[in-house]
1. With the structure loaded, tell me whether residue 147 is part of a helix (DSSP H, G or I), modelled with pLDDT under 95 and touching a helix residue (DSSP H, G or I) at 6+ places or on another chain (Cβ under 8 Å) or whether it fails that test.
2. Limited to region 1-25, what total is found for residues that are within 9 Å of residue 38 (Cβ to Cβ), out of contact with any helix residue (DSSP H, G or I) (no Cβ under 7 Å at 6 or more places or on another chain) and in a loop (DSSP other than H, G, I, E, B)?
3. Considering only region 116-131, state which residues are in contact (Cβ under 8 Å) with a residue 60 or more places away in the chain and within 16 Å of the ligand (Cβ to nearest atom).
4. Being touching a residue at least 60 places away in the same chain (Cβ under 8 Å) and within 16 Å of the ligand (Cβ to nearest atom) is the requirement here; does residue 134 meet it?
5. State whether the residues of region 174-182 include one that is touching a residue at least 60 places away in the same chain (Cβ under 8 Å), farther than 30 Å from residue 30 by Cβ, surrounded by 13 or more Cβ atoms within 10 Å (Cβ to Cβ) and within 16 Å of the ligand (Cβ to nearest atom).
6. Among the listed residues 45, 40, which satisfies the condition of being surrounded by fewer than 17 Cβ atoms within 10 Å (Cβ to Cβ) and assigned to a loop (DSSP other than H, G, I, E, B)?
7. Could you pull out the residue among 189, 112, 141 that is more than 12 Å from the ligand (Cβ to nearest atom), within 28 Å of residue 66 (Cβ to Cβ) and outside any helix (DSSP H, G or I)?
Ligand SMILES: [Zn+2]
């Protein structure tokens, strides 16, 4: 779909959702625009009116994401655009950082794992597999240290609790008492 907002032509997609009650507008970090509508919704004019009402917000978001979309915004960092070269450049640095954090956090040796891999994920910081392999995003090197530490602690704890149960979070809290704060801060980091 196409429309013109403040003299600028933009494209958008319409997504039908069984759960949506009202119109909802999303601008993704690749600057694509999506209007979510209830399942049995017709009325293009309503969508158009809705978009016009939010025109300046939409345009601001689009411009913002076109500029910074793919990057990890940490402070003034302009790194973290996810290119292959950058990944190769920082991969070993990330590995060293993670190894150091694991040594600090795993002094008792209670966490047993197989392999650590450094990945170029688009939208996650780490993961832990059933086979006890740990994966981390190389962009961890661009984060403040306390956030990097939280990510490592989080994945280590998954070695014992492969879920996000209360038990899991209690375990995380033993290593990062203010984990809730770190978690919130991490959600604000844009990939
Ligand atoms: Zn998790």
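The values are calculated or read from the model by the stated rules, or taken from the named source; none is laboratory data. Please read these numbers as outputs of a predicted model, since none were measured by experiment. Virtual Cβ from ideal backbone geometry, glycine too; neighbours counted across all protein chains shown.
1. Details: part of a helix (DSSP H, G or I): yes; modelled with pLDDT under 95: yes; touching a helix residue (DSSP H, G or I) at 6+ places or on another chain (Cβ under 8 Å): yes.
Judged against the criteria, residue 147 is a match.
2. Narrowing region 1-25 to residues within 9 Å of residue 38 (Cβ to Cβ): 16-23.
Adding the requirement that they be out of contact with any helix residue (DSSP H, G or I) (no Cβ under 7 Å at 6 or more places or on another chain) leaves 16-22.
Subsequent filtering for residues that are in a loop (DSSP other than H, G, I, E, B) retains 18-22.
Count: 5.
3. Keep residues of region 116-131 that are in contact (Cβ under 8 Å) with a residue 60 or more places away in the chain, which gives 122-123, 125.
Once the filter is applied, which keeps residues that are in contact (Cβ under 8 Å) with a residue 60 or more places away in the chain and within 16 Å of the ligand (Cβ to nearest atom), region 116-131 yields 123, 125.
4. Details: touching a residue at least 60 places away in the same chain (Cβ under 8 Å): no; within 16 Å of the ligand (Cβ to nearest atom): yes.
Spelling it out, it is not the case that residue 134 is touching a residue at least 60 places away in the same chain (Cβ under 8 Å) and within 16 Å of the ligand (Cβ to nearest atom).
5. Restricting attention to region 174-182, the residues satisfying the condition of being touching a residue at least 60 places away in the same chain (Cβ under 8 Å) are 175.
Those left that are additionally farther than 30 Å from residue 30 by Cβ: 175.
This time we only want the ones that are surrounded by 13 or more Cβ atoms within 10 Å (Cβ to Cβ), so: 175.
Remaining after also requiring within 16 Å of the ligand (Cβ to nearest atom): 175.
Yes: region 174-182 contains one or more residues that are touching a residue at least 60 places away in the same chain (Cβ under 8 Å), farther than 30 Å from residue 30 by Cβ, surrounded by 13 or more Cβ atoms within 10 Å (Cβ to Cβ) and within 16 Å of the ligand (Cβ to nearest atom).
6. Numbers: 45 fails: assigned to a loop (DSSP other than H, G, I, E, B).
The conditions single out 40.
7. Working: 112 fails: within 28 Å of residue 66 (Cβ to Cβ); 141 fails: outside any helix (DSSP H, G or I).
Only one candidate passes the filter, namely 189.
Let's see how each residue does on (1) away from the ligand (no atom under 15 Å from the Cβ); (2) assigned to a helix (DSSP H, G or I):
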site	(1), (2)
107	yes, no
155	no, yes
163	no, no
169	no, yes
